[in-house]
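I have placed the structure first, in the form of structure tokens, so that the comments after it can refer back to it.
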Amino acid sequence: MRILAIDTSTAAASSALIEDGRLLCEFMINDGKKHSEKLINIMNTALESSGIEVRDIDAFACSTGPGSFTGLRIGAAAVKALGQALDKPVIAVPTLDALAYNVFPRRGLICPMLDAQRNMVYAVLYRCDGKKLTKEEDYRAIDIDKLIERLEDFGEDIILLGDAMPIFGEKLKNALPNAVEAHSGALYPRASSVAILAEELYKAGEALNYNDLELYYIRKSQAEVEYDKKQKIEIAPMTGEDIQAVYDVECLSFAAPWSLDSFTSEIYSNNMAKYMVARVGEEIVGYGGMWIILDEGHITNIAVHPEHRGKGIGDALVQAIIKIAVENGVKRMTLEVRPSNWAALNLYKKYGFKEAGVRKGYYEDTGEDAVIMWLELS
């Protein structure tokens, strides 16, 4: 059996070809993360050096993370493309498994770690009995100081390796008397280790269709973190400065919207009114309002911008309004909703509102009835 494997999880990129467990060729280059430019060349180098055509490969493998987000995606894309084009299986190998295999069959504890930036590493602890590697814990992203605290619990030699060693190696060795640094050739994941582990996974029936290959990042990329921050829903009391934006959402949401003057009156003149807005970033994407009359709260409306529906904004507004009602001593809440507005009906039912009657011909624009809903808070 022939397996062509690649690793692009760090600044180094490598390819290797094995046949029935025997390494035929391995090629590695470590000159920065330019994998998109060089990956195909290093794969071709492995094939040409071995005298094997790509069509004669039985399976393709790659490391699947953790590691460089961009690098992993480039490697996975290449393997998926080959699997699809040649109708061959693909094999996913966890990066830290492959990295630990660089020092197999050295007995004892092995702690591979990859730089995760911001004083953190991707790490896991393995134990090797000379015949197999056993993972002692889950893969994780961990602060280097917390990792040191974890490793201090072991009173035996621990082999440390990975591209985090040039960054944290001295700190680790000073704090851990039993720490042993692997040789420089073992500091980066190698495609040969990926290939050998891939063969074991293949024999265990864990080969995949190219469509099923997934990457394992452990944590989100910084770009995704920043995106999530921008997408975070913030609920705040509505002010006069929000009226125009709320009115715009109203017009996009209803065939017979309230007027701009109505919202102005609600904010500046109606002491019974409590209105909240939902923001995503700097944009107002929804609003909700309620009148509090003695111990009853009447929800006047909840609306979400059409481009932001299905993101939990309506839920956040309902929760906020119920919270305000409780804080103001409201014992029961009510509202009217069109029977055709199944999304709103389901939303309110989700938070305990129950249908309690019908107002005939309530909506003047269509003559549609209104479903009356109530929620008991005490």
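The values are calculated or read from the model by the stated rules, or taken from the named source; none is laboratory data. Bear in mind that the values here come from a model prediction, so they are computed numbers and not experimental data. Backbone-built Cβ (ideal geometry, glycine too); neighbour counts: all protein chains shown. Ligands, DNA and RNA are excluded from the accessible area calculation, which covers all protein heavy atoms including side chains. Shrake-Rupley method; radii C 1.70, N 1.55, O 1.52, S 1.80 Å.
Computed quantities for the displayed model
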| quantity | calculated |
| --- | --- |
| Hits in the stretch 24-41 - residues which are surrounded by fewer than 17 Cβ atoms within 10 Å (Cβ to Cβ) and under 21 Å from TYR210 (Cβ atoms) | SER36, ILE40 |
| Count - residues of the stretch 105-140 that are within 21 Å of ASP163 (Cβ to Cβ), open to solvent by 30 Å² or more (accessible area, probe 1.4 Å) and either in a strand (DSSP E or B) or modelled with pLDDT of 95 or more (or both) | 6 |
| Verdict on GLU336 being open to solvent by less than 70 Å² (accessible area, probe 1.4 Å) and in a strand (DSSP E or B) | yes |
| Test set (1) surrounded by fewer than 18 Cβ atoms within 10 Å (Cβ to Cβ); (2) modelled with pLDDT under 95; (3) within 24 Å of TYR216 (Cα to Cα) - ASP153 fails condition number | (3) |
| Any hit, the stretch 42-50, residues being among the acidic types (Asp, Glu), open to solvent by less than 60 Å² (accessible area, probe 1.4 Å) and more than 20 Å from the chain's Cα centre (by Cα) | no |
| Only one of TYR227, TYR247 that is at pLDDT 95 or above, part of a helix (DSSP H, G or I) and either hydroxyl-bearing (Ser, Thr, Tyr) or under 24 Å from the mean Cα position of the chain (by Cα) (or both) | TYR247 |
| Candidates ASP7, ASP20 - the one that is open to solvent by less than 40 Å² (accessible area, probe 1.4 Å) and either under 26 Å from the mean Cα position of the chain (by Cα) or closer than 28 Å to LYS135 by Cα (or both) | ASP7 |
| Candidate set from the stretch 156-185 (those that are of a type in the set (A, V, I, L, M, F, W, C) and assigned to a strand (DSSP E or B)); member that is most open to solvent (accessible area, probe 1.4 Å) | VAL180 |
| Residues of the stretch 140-162 classified as among the small types (Gly, Ala, Ser) and either within 28 Å of the chain's Cα centre (by Cα) or closer than 19 Å to LEU99 by Cβ (or both), total | 2 |
| Residue count, the stretch 55-70 (criterion: of a type in the set (Val, Ile, Thr) and open to solvent by 50 Å² or more (accessible area, probe 1.4 Å)) | 1 |
| Positions within the stretch 340-351 being open to solvent by less than 30 Å² (accessible area, probe 1.4 Å) and of a type outside the set (A, V, I, L, M, F, W, C), in sequence order | TYR348 |
| Residues of the stretch 186-216 that turn out to be part of a loop (DSSP other than H, G, I, E, B) and buried (at least 18 other Cβ atoms within 10 Å of the Cβ), as a count | 7 |
| Odd one out for ARG73, checked against (1) assigned to a loop (DSSP other than H, G, I, E, B); (2) surrounded by fewer than 22 Cβ atoms within 10 Å (Cβ to Cβ) | (1) |
| Residue selected from the stretch 250-294 under the condition open to solvent by 50 Å² or more (accessible area, probe 1.4 Å) and under 17 Å from VAL330 (Cα atoms), by the criterion nearest to the chain's Cα centre (by Cα) | LYS274 |
| Exclusive hit being at pLDDT 95 or above and under 30 Å from LEU160 (Cβ atoms), set THR70, THR64 | THR64 |
| Some residue of the stretch 88-97 being over 22 Å from LEU17 (Cα atoms), open to solvent by less than 60 Å² (accessible area, probe 1.4 Å) and of a type in the set (Ser, Thr, Tyr) | no |
| Count of the stretch 319-333 residues which are open to solvent by less than 50 Å² (accessible area, probe 1.4 Å), within 17 Å of GLU296 (Cβ to Cβ) and part of a helix (DSSP H, G or I) | 4 |
| GLY352 being assigned to a loop (DSSP other than H, G, I, E, B) and either within 24 Å of ASP369 (Cα to Cα) or basic (Lys, Arg) (or both) | yes |
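Results for (1) among the basic types (Lys, Arg); (2) closer than 18 Å to TYR362 by Cβ, shown as yes or no for each residue.
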| residue | (1), (2) |
| --- | --- |
| LYS274 | yes, no |
| ILE284 | no, no |
| GLY288 | no, no |
| GLU307 | no, no |
| LEU335 | no, yes |
